[in-house]
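A short worksheet on the structure shown next.
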Amino acid sequence: MDTFKQVFSVVNGQSVVQSEGHVYIVRDDKEVLENVKIWEILNNAGWKDIVILIFTSLDKRTSFYKRYKDSICVFEPLEDTVLVKYIKKAIPLSDKNCQTLIEVCEHSYSRIMLEIDKIKGYTLGMGYTLDDKVYNHVLRELLDNGAIYKPAQDSIFLWSDAVMYRNREQAFQYTEDCFASGEAVLTMVTVLYNNVKQTLQVQSFEGSDITRSTGLTGWQVQCVKKFLNNYSTGELLDAMELLREMEMGIKMGKIDESFVILYILTNML
């Protein structure tokens, strides 16, 4: 579920008839970290149900962490030596290229496996002979062409959020930060496009089941709610068209990247 409060509502609303317990999973609900009343519920609940709270990151200095440290399970990334074994079991990459793939995927096993599927699919699609040299060549080729995953840095997300909040000063400040850190213009356009599209879907939705109708997850809906009504529906549609135009222009070499971001900010803000 999207929030712990939703879990609480469902569990307390259950019939008095005895039933098997359920497992509820809530991801990155910030209110849980700050609301002492929720902690009291967690301490005193006599539910058969299990609640699993997942946090992308958790500050060990917080009161929440200190109170529940004995119940917290931290999942650390796999060691590089282990990841190399998984990679080599899937495709025969050199040690150097294994390490490259690990680093660009930020040591994430699931991300590495997704990129390996991409490498395999490209290799088969091109009709290459499946040998060690070809897989290593394909990895380098996909890296050079920007087809392998590249993590977007925090500055990109801060920049995109500032644009969605319609905060002109921060938007231009984070633009400078992105440029200074060498972020790709196309990546910036893509991140902002996704934010605009999802905000439009939520803002224009009329109905009772938004996740089913829009295809967005509950978490995605929660993330974009903070952007609602900063732009009118018409402005969001115009922004999507502008961003699509910029993206296609860059990919086809018809638009000079050097002015794209400032052009977007001028038109949207």
Lys and Arg at +1, Asp and Glu at -1: add these up for the other residues within a Cβ distance under 14 Å of Phe205 and post the number.
+1
Test item: Cα-centred dipole of segment 88-143, Lys/Arg +1 and Asp/Glu -1 on Cβ, debye:
80
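Which residues make up the longest stretch of the chain clear of trypsin sites (Lys or Arg not before Pro) that lie in a DSSP loop with no more than 13 other Cβ atoms within 10 Å, not counting the sites? Don't jump to the answer; show the numbers that get you there.
Details: sites that count: Lys48, Lys60, Arg61, Lys69, Lys254.
Here the longest segment lacking exposed loop sites spans 70-253.
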Across all Cα atoms of segment 66-172, Rg and the largest Cα-Cα distance (Dmax), in Å, are 18.5, 57
Per principal axis, descending, Cα span of segment 131-171 in whole Å:
52, 13, 11
For Cα pairs less than 8 Å apart in space and 6+ apart in sequence, what is the mean separation divided by the residue count of the chain, i.e. the relative contact order in percent?
13
For Trp47, Trp219, write out the residues from largest to smallest accessible area, computed with a 1.4 angstrom probe and no ligands counted.
Trp219, Trp47
Could you give the radius of gyration (one decimal) and Dmax (whole number) of the Cα atoms in the chain, in Å?
22.8, 67
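Express the accessible area of the chain per residue in Å², computed with a 1.4 Å probe while the remaining protein chains stay in the model.
On the way: 16740 Å² over 269 residues.
I get 62 Å² per residue for this part.
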Excluding exposed DSSP-loop GluC sites (Glu not before Pro) (at most 13 other C-beta within 10 Å), longest clean stretch of the chain:
107-205
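By its C-alpha gyration tensor, with a ≥ b ≥ c as the square roots of the eigenvalues, how is segment 155-206 shaped: rounded for a/c under 1.5, else prolate for a/b larger than b/c, else oblate? Spell out each step's value before the answer.
Details: a/c = 4.12, a/b = 1.79, b/c = 2.30.
Taking the square roots of the gyration eigenvalues as a ≥ b ≥ c, segment 155-206 is oblate.
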Computed over segment 107-258, Cα set: Rg, Dmax in Å
18.5, 54
With T = 37 °C, eta = 0.692 mPa s and Kirkwood Rh from C-alpha pairs, the Stokes-Einstein D of segment 101-163 in µm²/s is about 251
Can you compute the FRET efficiency between Asn35 and Met113 using 1/(1 + (r/R0)^6), with r the Cβ-Cβ distance and R0 = 25 Å? Round to the nearest 0.05.
0.10
With springs only between Cα atoms under 10 Å, which of Val82, Val189, Val32 fluctuates most in a Gaussian network model of the chain?
Val82
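Given charges of +1 on the Cβ of Lys and Arg and -1 on the Cβ of Asp and Glu, with all other atoms neutral, how large is the dipole of the chain about its Cα centre, in debye to the nearest 20?
Numbers: 29 positive and 37 negative charges, 115 e Å.
Here the size comes out at about 560 debye.
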For the chain, the accessible surface attributable to carbon and sulfur atoms (probe 1.4 angstrom, ligands and nucleic acids excluded) amounts in percent to 51
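Per the Kirkwood treatment, what hydrodynamic radius in Å, one decimal, follows for segment 3-141 from the mean inverse distance over all distinct Cα pairs?
Details: mean 1/r = 0.0531 Å⁻¹.
The answer is 18.8 Å.
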Summed over the other residues with a beta carbon less than 13 angstrom from that of Leu265, with K and R at +1 and D and E at -1, the charge totals 0
At R0 = 45 Å, FRET efficiency that the Cβ-Cβ distance of Glu20 and Phe157 yields, to 0.05:
0.65
The FRET efficiency for Lys69 and Val134, from their Cβ-Cβ distance with R0 = 41 Å and rounded to 0.05, is 0.25
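Tell me whether segment 29-70 comes out rounded, prolate or oblate; compute the Cα gyration tensor, take square roots of the eigenvalues as a ≥ b ≥ c, and use a/c under 1.5 as the rounded threshold. Mind dumping the intermediate values first?
Values: a/c = 1.81, a/b = 1.54, b/c = 1.17.
Prolate, because a/c is 1.5 or more and a/b exceeds b/c.
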Dipole of segment 92-138 (Lys/Arg Cβ +1, Asp/Glu Cβ -1, origin at the Cα centre): which of His137, Tyr109, Thr123 lies farthest to the positive side?
Thr123
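The values are calculated or read from the model by the stated rules, or taken from the named source; none is laboratory data. Just so we're clear, the structure is a prediction, and the values are computed from it rather than from any experiment. Positions of Cβ are backbone-derived with ideal geometry, glycine not excepted, and every protein chain shown enters the neighbour counts. To get the accessible areas, we keep the full protein, side chains included, count just its heavy atoms, and leave off ligands, DNA and RNA. Shrake-Rupley method; radii C 1.70, N 1.55, O 1.52, S 1.80 Å.
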